[in-house]
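Participant: After the structure tokens below, expect a handful of questions from me.
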Amino acid sequence: MTADAVTGFLEEVFPEMNRAGRIFTIDTIEPGRAIVRARTDATHLRPGGTVSGPTLFSLADFAAYVVILGHIGPQALAVTTNLNINFLTRAGPGELVARCRILKLGKRLVVTDCDITADGSDDLIAQASATYSIPPAR
């Protein structure tokens, strides 16, 4: 699936996702890779002006889902079975970029790796590994 096709699918299947405005967007989907963004503001901050862990976790999960859908097609019931995230440095408000790649695409499980940085920086804010379960073919 292309970035536009995945965006359309997500809007159809998860219409509530953008109820408060579009936070997550898809830049590109390439073979085995995807780049997505999160536009963060004061609503995503914890005390001290740092982007919250749940926001970073959501971005990593979104990135994994996007790269997987880009490769297996529209599977609304592909679900996260595990997501491990390492918070490496403070993230201030602004645009965050997640670069996600597929490490293994099996018949029932997909394993991904995701790096999160601030837009325009190569310094890692967080690194996540996710495993998704793919529904069996019917």
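The values are calculated or read from the model by the stated rules, or taken from the named source; none is laboratory data. Quick caveat: nothing in here was measured; it's all calculated off a predicted structure. Counting neighbours? That spans all protein chains shown, and the Cβs are built from the backbone with ideal geometry, glycine included.
Participant: If you go through region 75-112 one residue at a time, how many are touching a helix residue (DSSP H, G or I) at 6+ places or on another chain (Cβ under 7 Å) and either farther than 30 Å from Ala42 by Cα or without any contact (Cβ under 8 Å) to a residue 12 or more places away in the chain (or both)?
Facilitator: Of the residues in that region, 6 qualify.
Participant: Next question, about the same structure. List, please: which pairs have Cβ atoms under 8 Å, are six or more places apart or on different chains, and start with a residue in region 23-42 that is at positive phi and end with one that is in a strand (DSSP E or B)?
Facilitator: Within 8 Å, the pairs are Gly32/Arg101; Gly32/Ile102.
Participant: Are any residues in region 120-138 over 17 Å from the mean Cα position of the chain (by Cα) and under 22 Å from Ala78 (Cβ atoms), and if so, which ones?
Facilitator: Pro135, Pro136, Ala137, Arg138
Participant: Restricting region 1-39 to residues that are at pLDDT below 95 and of a type in the set (Lys, Arg), which is nearest to Ile125 (Cα to Cα)?
Facilitator: Arg39
Participant: With respect to the numbered conditions (1) modelled with pLDDT under 80; (2) over 13 Å from Glu95 (Cα atoms), which one is the sole condition not fulfilled by Ala42?
Facilitator: The number of the failed condition is (2).
Participant: Right, here's the next one. Which one of these is surrounded by 13 or more Cβ atoms within 10 Å (Cβ to Cβ) and either closer than 15 Å to Met1 by Cβ or touching an Asp or Glu at 6+ places or on another chain (Cβ under 9 Å) (or both): Thr80, Thr112, Thr55?
Facilitator: Thr80
Participant: Listed residues Thr89, Thr50; which is at pLDDT 90 or above and either more than 24 Å from Pro136 (Cα to Cα) or among the polar types (S, T, N, Q) (or both)?
Facilitator: It is Thr89.
Participant: Is it the case that some residue within region 59-79 is in contact with a Phe, Trp or Tyr (Cβ under 7 Å, 6 or more places away or on another chain), farther than 15 Å from Ile125 by Cα and in a loop (DSSP other than H, G, I, E, B)?
Facilitator: yes
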